[in-house]
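Since every read-out is calculated from the coordinates, none of them should be taken as a lab result. What you see is a predicted model; the values in this text were computed from it and never measured. Note that each Cβ is placed from the backbone with ideal geometry, even for glycine, and that neighbours are counted across all protein chains shown.
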Amino acid sequence: MKLSYYPGCTLKTSAKNLEKSAFAIMEKLGHEMVEMEDWTCCGVVSSLTDDDLMHHLAPLRNLIHVEDAGDEQVITLCDMCYNTLKQTNLRVKEKPDDLETLNLFMDRENDYKGTVKVVHFLEFLRDEVGFDVLKKMVKNPLKGVKIMPYYGCMLLRPREVAIDDAEEPTILKDLLNALGAEVIDNPFKIECCGSYHTIQQKELVMNRAYRITNFAIERGSDAIVLSCPLCRFNLDVRGKEAEKIYKSYKQVPVYYYTQLIAVALGLDPEYCGFDDHAVDPTLLLKKKGVFEK
Amino acid sequence: MTKKLEGNVDIEALKLKKGDLVKEVEELCGENLFGCYQCGTCSAGCPFIEDMDLSPDEVIRYIILDRKEVLNSKTIWLCASCFTCAERCPRDINITKIMEALRQIILRKKIDRTDLTEITKDEKETIPQLAFVSLFRKNIG
Ligand code: SF4
Ligand code: SF4
Ligand code: SF4
Ligand code: SF4
């Protein structure tokens with residue numbers, strides 16, 4: 001079965017490695033994931049004022065394109081796209097009047113019938129593939145690598161769109177276990193990394209990154225795993241910059257879960273785009289002997 | 001208790017009627033602010049609390065008391081819509097939406113918080129795209 005994929009702009013620019021590793025995994029699993037046609041930016045953040053229907057237009061237009069292509073679900077890789085598309089999808093299902101209004105604005109598109117399911121890639125791997133299946137395919141177990149899962153916000157909140165428990169999520173932990181890594185827990189795993197403040201309030205985000213990661217380091221973590229391109233930038237790049245403020249602090253590598261899966265499945269590291277990180281993610285994997293098997 | 005708030009919004013110019021702030025906020029976000037019993041759960045879990053001049057529960061009290069200087073608090077711009085407070089409020093009040101309503105009251109009067117010319121070329125080339133779209137959505141009307 002062909003699976004429809006919605007990339008969003010960040011996956012096409014600063015998070016190409018997330019996309020590339022995800023596609024490599026899907027190929028290995030024997031699934032055909034195809035980029036949907038005619039997508040546009042979803043607007044990243046969901047409309048939070050009740051009268052602001054305008055900002056639901058972009059997400060809805062994308063959902064209509066999926067529906068018109070005959071697909072029942074659309075897979076996203078970016079946490080923020082996932083959240084935004086799903087919130088709009090919910091809103092139009094809960095408020096048919098709003099959907100009617102929004103449909104009026106669609107010139108080229110058909111009316112939305114509400115048949116599309118928005119699915120995060122991580123959720124797809126858990127529910128459609130199964131972590132136990134991944135586990136059986138592992139060639140290079142991440143043995144002895146201590147990793148802290150970091151969830152951030154958009155996979156967990158608001159509750160209506162969450163892919164896991166909002167306070168005690170386990171999806172990344174379960175995945176890491178399947179890949180053979182050692183999981184380090186950290187109460188900061190569900191706290192916001194500072195998000196878009198990374199543009200105008202860098203120090204604030206450096207501080208967030210330091211607080212989140214340092215706690216993990218103190219508990220013995222060698223690395224962090226996460227899913228959102230903005231979280232990656234904030235924890236990796238701003239975290240690295242925080243070394244200048246906190247003298248004894250040493251930034252650990254930050255991985256996308258897709259990169260760790262690709263490595264564990266023995267796929268060519270080329271697919272992981274490790275060059276695009278502030279802290280070289282390959283050193284730890286070499287040190288722990290994951291790569292050399 | 002009066003706090004000095006940093007903002008630069010001329011509250012008079014917003015032309016909000018006396019006693020209207022809570023109505024305006026409730027209309028924008030659909031939340032019932034009077035349901036808040038000031039337990040402080042929202043503030044306790046907010047990741048930006050240390051940098052805020054008003055805590056989220058204070059923001060709610062200010063709105064109810066029609067203290068329009070809340071529109072000049074740092075807090076409403078620091079809030080990054082992480083939904084933690086909304087998730088945890090025992091009264092099921094969506095504070096995330098209340099913060100957005102306050103920002104919108106200002107932005108809809110064509111007062112922007114972010115000056116695009118301040119963003120450098122280097123920042124544009126290195127920071128992920130979704131950060132910019134979020135920032136513009138949150139800080140520009
Ligand atoms: S949320 Fe981000 S990555 Fe997704 S489409 Fe919008 S700007 Fe692009
Ligand atoms: S932690 Fe920050 S970047 Fe990550 S999902 Fe939350 S708001 Fe977005
Ligand atoms: S958590 Fe809810 S009830 Fe408690 S202070 Fe905050 S808004 Fe009010
Ligand atoms: S949504 Fe805003 S106010 Fe609420 S916890 Fe997050 S940053 Fe704080």
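Name the residues whose placed amide hydrogens come within less than 5 Å of the amide hydrogen of B:Ser81, ignoring near sequence neighbours (fewer than 5 apart) on the same chain.
Sorted by chain and number, the residues that satisfy this come to none at all.
Residue by residue through segment B:113-119, what is 3J(HN,Hα) from phi via Karplus (6.51 cos²θ - 1.76 cosθ + 1.60, θ = phi - 60°)? Round to whole Hz and write x for glycine and proline.
8, 10, 9, 4, 5, 7, 7
Residue by residue through segment A:145-159, which ³J(HN,Hα) values in whole Hz follow from phi under the Karplus form 6.51 cos²θ - 1.76 cosθ + 1.60 (θ = phi - 60°), with glycine and proline marked x?
After applying 6.51 cos²θ - 1.76 cosθ + 1.60, I find 8, 9, 10, 9, x, 10, 9, x, 9, 6, 7, 10, 9, x, 3 Hz.
From the Cα gyration tensor of segment A:138-287, with a ≥ b ≥ c the square roots of its eigenvalues, which class applies: rounded if a/c is under 1.5, or else prolate if a/b is larger than b/c, or else oblate? Spell out each step's value before the answer.
Working: a/c = 1.58, a/b = 1.17, b/c = 1.35.
Oblate shape, in that a/c is at least 1.5 and b/c is the bigger or equal ratio.
Could you give the nm distance between label points at B:Ala44 and B:Lys15, where each point is 7 Å from its Cα heading toward the beta carbon?
4.4 nm
Given the C-alpha centroids of segment A:88-134 and segment A:193-264, what is the distance between them in whole angstrom?
If you average the Cα positions of each part, the centres end up 31 Å apart.
Counting helices only, and only those DSSP H runs with n ≥ 4, report the 222 nm mean residue ellipticity of chain A as the sum of -39,500 (n - 2.57) divided by its residues, in deg cm²/dmol to the nearest 500. Can you show the working numbers first?
Values: 12 runs with 110 residues, N = 293.
So the helix-based figure for chain A works out to -10500 deg cm²/dmol.
With a/c under 1.5 counting as rounded, go ahead and sort segment A:107-163 into rounded, prolate or oblate using the C-alpha gyration tensor (a ≥ b ≥ c being the square roots of the eigenvalues; past the cut-off, prolate if a/b is larger than b/c, else oblate). Write out the running numbers ahead of the final one.
Values: a/c = 3.43, a/b = 1.93, b/c = 1.78.
Judged from the Cα gyration tensor, segment A:107-163 comes out prolate (a/c at least 1.5, a/b above b/c).
With the Cα gyration tensor of the protein assembly as shown in hand, give its eigenvalues times 5 under a square root as the equivalent ellipsoid semi-axes, listed largest first in whole angstrom.
Values: eigenvalues 265, 145, 69 Å².
Equivalent ellipsoid of the protein assembly as shown: 36, 27, 19 Å, largest first.
Assuming R0 = 30 Å, what is the FRET efficiency of A:Lys28 and A:Ala69, from their Cβ-Cβ distance, to the nearest 0.05? If you can, show how the numbers build up before the last one.
Numbers: r = 25 Å, r/R0 = 0.83.
E(calc), rounded to 0.05, equals 0.75.
Tell me the mean residue ellipticity at 222 nm calculated for chain B from its helices only (DSSP H runs of n ≥ 4, each -39500 (n - 2.57), averaged over every residue, nearest 500). Spell out each step's value before the answer.
Working: 8 runs with 62 residues, N = 141.
After summing the helix terms and dividing by the residues of chain B, the value is -11500 deg cm²/dmol.
Hey, got the dipole for segment A:98-205? About the Cα centre, +1 on K and R Cβ, -1 on D and E Cβ, debye to the nearest 20? Let's see the in-between values first.
Numbers: 14 positive and 19 negative charges, 142 e Å.
The dipole magnitude comes to about 680 debye.
So if each residue of separation counts as 0.36 nm, and I subtract the Cα-Cα distance between A:Lys16 and A:Lys247, what length gain in nm does that give?
Numbers: separation 231, 0.36 × 231 = 83.16 nm, distance 3.22 nm.
Result: 79.9 nm gained on full extension.
Distance cut-off 26 Å, Cα to Cα: go down the list A:Lys16/B:Lys110; A:Lys240/B:Lys124; A:Lys16/A:Lys247; A:Lys95/B:Lys97 and report the pairs above it. Can you show the working numbers first?
Working: A:Lys16/B:Lys110 36 Å; A:Lys240/B:Lys124 19 Å; A:Lys16/A:Lys247 32 Å; A:Lys95/B:Lys97 18 Å.
Long pairs (Cα-Cα over 26 Å): A:Lys16/B:Lys110; A:Lys16/A:Lys247.
Roughly how many nanometres apart are two label points built 7 Å out from the Cα toward the Cβ at A:Met137 and B:Glu125?
My value for the distance between the label points is 3.8 nm.
How large are Rg and Dmax for segment A:39-175 when only the alpha carbon atoms are used, in Å?
Taking only Cα atoms of segment A:39-175, I get Rg and Dmax of 17.2, 57 Å.
Which values of log₁₀ I(q)/I(0), to two decimal places, follow from the Debye formula for segment B:12-109 at q = 0.13, 0.17 Å⁻¹ with a uniform point scatterer at every Cα?
Reported log10 I(q)/I(0), two decimals: -0.38, -0.66.
Taking segment B:1-87, which GluC sites (Glu not before Pro) meet the DSSP loop condition and have no more than 14 other C-beta atoms within 10 Å? Let's see the in-between values first.
On the way: sites: B:Glu6, B:Glu12, B:Glu24, B:Glu26, B:Glu27, B:Glu31, B:Glu50, B:Glu58, B:Glu69, B:Glu87; in loops: B:Glu6, B:Glu31.
Sparse-neighbourhood loop GluC sites (Glu not before Pro): B:Glu6.
Could you give the dipole magnitude of the protein assembly as shown about its Cα centre, charging the beta-carbon of Lys and Arg +1 and that of Asp and Glu -1, in debye to the nearest 20? Can you show the working numbers first?
Numbers: 59 positive and 70 negative charges, 256 e Å.
So the dipole magnitude of the protein assembly as shown works out to roughly 1240 debye.
With chain A treated as a Gaussian network of Cα nodes joined by springs under 10 Å, which of A:Ile199, A:Ile75, A:Ile163 yields the largest mean-square fluctuation?
Result for chain A, Cα springs under 10 Å: A:Ile199 fluctuates most.
Remind me, relative contact order of segment A:10-133 in percent, using alpha carbon pairs under 8 angstrom and six or more residues apart?
Numbers: 130 pairs, mean separation 32.2, N = 124.
Once normalised by length, the contact order is 26 percent.
For the residue pair B:Ile64 and B:Thr117, what label-to-label distance in nm results when each label sits 7 Å from Cα along the Cα-to-beta-carbon direction?
Label at B:Ile64, label at B:Thr117, 4.4 nm between them.
Within the set B:Lys15/B:Lys109; A:Lys12/A:Lys287; A:Lys93/A:Lys189; A:Lys135/A:Lys173; A:Lys86/B:Lys23, which residue pairs have Cα atoms separated by over 20 Å? Walk me through the numbers before you get to the answer.
Details: B:Lys15/B:Lys109 10 Å; A:Lys12/A:Lys287 31 Å; A:Lys93/A:Lys189 31 Å; A:Lys135/A:Lys173 13 Å; A:Lys86/B:Lys23 29 Å.
Violating the 20 Å limit, Cα to Cα: A:Lys12/A:Lys287; A:Lys93/A:Lys189; A:Lys86/B:Lys23.
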